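Written out below as structure tokens is the structure these notes cover.
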Amino acid sequence: MLFLLKLLYRVKVKNENGNEMNPRSRWEIILDILRVISEEEREDEGAVKKTRVMQKAYLDWRNFQRHFNFLLKQGFVRGSNEPEEGKGYYLTEKGRDLMKQLREVEDILR
């Protein structure tokens, strides 16, 4: 739980129209990234490209890279090993567990 509380700082983001959205905390950004990967995996039935995740999570490249690299390093996301799919990413079981826990935090805080 301490791990989840460390994710509670806020980051400003803009939507596709360039309008500033309400700032999201780190845990909200991470949850958005995990949700996008999970949803895109189901729709495409394959690995998800970084650019697609970044766009659907409404993040600029710098913020996306920082959060995505954290998820990779901690083993919540893994890269595809299939050469025909190109470089894509999947959620690991650990990533699915984190998404579930962050959804519970979201339910409590909202």
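Brief remarks follow.
- Every pair of residues 6+ apart whose Cβ atoms lie under 8 Å, when the first sits in segment 85-104 and is without any contact (Cβ under 8 Å) to a residue 24 or more places away in the chain while the second is surrounded by 19 or more Cβ atoms within 10 Å (Cβ to Cβ): Thr92/Phe76; Thr92/Val77; Lys94/Phe76
- Lone qualifier among Arg52, Arg66, Arg110 - being charged (D, E, K, R) and within 19 Å of Glu41 (Cβ to Cβ): Arg52
- Inter-residue pairs, beta-carbon under 9 Å, first closer than 14 Å to Ile30 by Cβ and in segment 72-83, second in a loop (DSSP other than H, G, I, E, B), 6+ apart: Gly75/Thr92; Phe76/Thr92; Val77/Thr92
- Scanning segment 51-98 for residues that are among the hydrophobic types (A, V, I, L, M, F, W, C) and surrounded by fewer than 19 Cβ atoms within 10 Å (Cβ to Cβ) yields Trp61, Phe70, Leu72.
- Among (1) surrounded by 16 or more Cβ atoms within 10 Å (Cβ to Cβ); (2) touching a Leu at 6+ places or on another chain (Cβ under 9 Å); (3) under 23 Å from Asn22 (Cα atoms) - the single one Glu106 does not satisfy: (1)
Read-outs: derived from the displayed coordinates by stated rules, not from any lab. Please read these numbers as outputs of a predicted model, since none were measured by experiment. Don't worry about glycine lacking a Cβ; one is built from the backbone with ideal geometry, like all the others, and counts go over all protein chains shown.
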